[in-house]
1. Hey, among 200, 187, which residue is aromatic (Phe, Trp, Tyr) and either surrounded by fewer than 16 Cβ atoms within 10 Å (Cβ to Cβ) or under 25 Å from the mean Cα position of the chain (by Cα) (or both)?
2. Identify the residue in segment 347-386 that is among the small types (Gly, Ala, Ser) and not in a strand (DSSP E or B) and, among all such residues, is farthest from the chain's Cα centre (by Cα).
3. Check 413, 430 and return the single one that is surrounded by fewer than 24 Cβ atoms within 10 Å (Cβ to Cβ), on the phi < 0 side of the Ramachandran plot and modelled with pLDDT of 95 or more.
4. Please state which of the following conditions residue 581 fails to meet, knowing it meets all the rest: (1) in a strand (DSSP E or B); (2) open to solvent by 50 Å² or more (accessible area, probe 1.4 Å).
5. Where residues in segment 495-529 are crowded, with 24+ Cβ neighbours inside 10 Å and assigned to a helix (DSSP H, G or I), which of them is nearest to the chain's Cα centre (by Cα)?
6. Any residue at all in segment 132-142 that's open to solvent by less than 20 Å² (accessible area, probe 1.4 Å), in contact with a Pro (Cβ under 6 Å, 6 or more places away or on another chain) and over 23 Å from residue 296 (Cα atoms)?
7. Quick one: is residue 235 buried (at least 22 other Cβ atoms within 10 Å of the Cβ), touching a helix residue (DSSP H, G or I) at 6+ places or on another chain (Cβ under 9 Å), of a type in the set (S, T, N, Q) and modelled with pLDDT of 95 or more?
8. Just a yes or no: is a residue in segment 145-153 closer than 30 Å to residue 69 by Cβ and part of a helix (DSSP H, G or I)?
Amino acid sequence: MKAGWLLYLKVFRPFASKKPDMDDRTTETTFSLTKFGIGQPVRRTEDPKLVRGEGRYTDDIGLAGQAYAVMVRSSEPHGMIRSIDTASAKTMPGVLAVYTAADLTGYGGLKCNLPVKSRDGSPIRYTPRPALSSDKVRFVGDPVACVIAETIAQAKDAAEAVALDIEPLPAVISARAAAQVGAPQLYDNVPGNIALDYHYGDKDKVAEAFAKATHVVRLPLVNQRLVVNSIEPRSAIGEFDGASGKWTLHSCSQGVFGLKTELCSILGAPADKVRVLTGNVGGSFGMKAMSYPEYVCILHGSRALQRPVKWTDERSGSFMSDHHGRDYDMTIEVAFDKDGLIMAVRLSGYGNLGGYCAAFGPMLPTVNVTKNIISMYRTPLLEVATQCVFTNTTLVSAYRGAGRPEGSLSMERTMDYAATELGIDRFELRKRNFIKAREMPFKAASGVTYDCGDFPGLFKDALDRADVKGFKKRKRESKRAGKLRGLGVACYVETTAAMTTEMGGIRFNADGTVTILTGTLDYGQGHASAFAQVLTEKLCIPFDRIRLVQGDSDQLVAGGGSGGSRSAMLSGTAIAQAADKVVEQGKQLAAHVLEAASGDIEFKSGRFVIVGTDRSIEIMQLAERVRAGVTLPEGIPSSLDVTHVTEPVAGTSPNGVHVVEVEIDPDTGLTRAVKYTAVNDFGTVINPMLVEGQIHGGVVQGLGQVLLEQAVYDSDGQLVTGSFMDYAMPRAHDALMFDVTNRSIPTKSNPVGVKGCGEAGTSGGLPSVANAVIDALSEYGIRHLEMPMTSSRIWQALQDAKRKSA
């Protein structure tokens, strides 16, 4: 008890609220700026509440009179729905309603509004996904009915009583197979199952470069399908107020404003008749960013039954109903000249969309891969050709990185593979092809402009910090212990999500606190601390007086949501610009209070000062004076409060070099990462502690993909890795201590100078771990393995190599 109390006093007590004391506000302001400004490793303010179990996730919410929903899902991967018999289920105890597609008329489908087009200029071919399937099922888990009852147990019992008559049809699982002539067709209006035939680049010029190349390296790569597996399964509660005609959805999300916009389209309701509320969110990684069929069902039920309806998924359900990640089957080709310089890159293959077109699904293996595959290398020409294909599997959409790590993996695995073929040291090959700092800004063949960066310097720092020169000694030590040791390096340049507006609201409250309102959303990143640091830096407002509102769409006027490593760029820009507006309003108010001309007022260290005098007023004091009822002349702002929406914020190019060492037990194939170094350029680092945490998480997810994870379907379309008994997740013992360093060059594309970091760990971790494993196995002549590089796959590869050499 004593130890726990001391921990609370030391760690969490500083964040406990107390009433402001006017007499020590100057000291408090100075302290906040030096200890809680930009660049300081400030602890996450939400953690005390979360570690005490006081978080409020969607499933923690219980509304008066709420009923419970359970979904009835198809056990067939592909088939025609002949009938859905709900008669028995409707008569069971506690059952309030059983809905099928026939009951959900008048609602729109779940759409994909991406502006991506096929090479012939045609838009994506797809049919908006209905909340409940009516004619056909297209994957195991496709919802066909929704049961609502007084209790969850009653709803589950009734769901089992719903009788489905589905005529099985042949199923197709892989995108490559689905695109072949004669494959089972999922949609009559999508010939060949190809929703998008994407092409980027000048095909003829690329072909010419390959024809002239001294060396051409070709490497097929499969990014296997992954289950997102956020720690919190999805949950939602639908409400409908009959008096006002307003819908309210309590739901996990990645941004309430965007989810509200989607729901307005689906429900056919105006913006003022839909509200979305999101509390704490237990991870998402892209998966909770969009609407799902369950939300439509419970909102319909809440209106029909005139009471709230709650739905919470279970882990077995989320394996099928949450969209999956990755699942690309691509081949990369790189043309080199006689000196080992890149002449052109060509990437072609297939992206698996699953049974329906998810909101972001077609973007990932097309636009996002295109923007991120070039990395740090001077590449004159690029061609990307991807067919996005429907299959009888769960939908595929954004998963941490969403095309960025896949692009990085393609390039970095190929650079190692090419180094062997060309007979050039892998580090040297990279150095020869780096874009130099003096070439910035640099317009890449992907169409992206890198505004700043020092890639050669970053690479040198990473190799030095990782002690690459000492690797041979460590390799010998591992060999004496009976282990194989490999070193992998990976470079990456990401293109973050861009050209989105964001809200920056600042509200000075009567209790002496200040509220930031912004439309990104925290689902584990630590926004409350980071955003407060920006405001403290700009206005010198005491850190512990700052609050954050993100999860109520009724309080927002815009919101880009979180995703694509953009939160610090969007909300940081919005907050910084809003703070500038506060200063401008404050100068006018301070001029009136101090009886001076507004042109004579400057803002300095949290105070509005009459230039050339010692007369001033602190910003929090000014807010209190105005709130107390100062008589203001016409044309003067009535408060310091600001509601601001940015212009579209440009994307950035965070970059880094990761170096990892692994040990492999050749007798079992067991692989462990034993040393990890990451040197990154994220521009201005608002909070280095939070940035390092983001790198840790991203790297472990990359490691998990390389060594452990894979969603597997059998030939009949059944998901055979449908639980944690069958799907291997990385655990604490798979991780290690990370050495993370920031070598920052602030961008000029936003006022804070940040570049984004949320997905960088995966972009560096995925290829570096893969390269390290292959490096360890290279002494046996093994140059490539498909992921996941499990113990059994590595062991088998070693046995095969030994037999060949015998």
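1. Sole residue among the options that is aromatic (Phe, Trp, Tyr) and either surrounded by fewer than 16 Cβ atoms within 10 Å (Cβ to Cβ) or under 25 Å from the mean Cα position of the chain (by Cα) (or both): 200.
2. Only one residue tops the list, namely 355.
3. Among 413, 430, only 413 is surrounded by fewer than 24 Cβ atoms within 10 Å (Cβ to Cβ), on the phi < 0 side of the Ramachandran plot and modelled with pLDDT of 95 or more.
4. Just one mismatch for residue 581, condition (1).
5. In this case the residue turns out to be 527.
6. no
7. Answer is no for this residue.
8. yes
The values are calculated or read from the model by the stated rules, or taken from the named source; none is laboratory data. The structure displayed is predicted, hence computed values, not measured ones. Positions of Cβ are backbone-derived with ideal geometry, glycine not excepted, and every protein chain shown enters the neighbour counts. These accessible areas exclude ligands, DNA and RNA; they are computed on the full protein's heavy atoms, side chains included. Shrake-Rupley method; radii C 1.70, N 1.55, O 1.52, S 1.80 Å.
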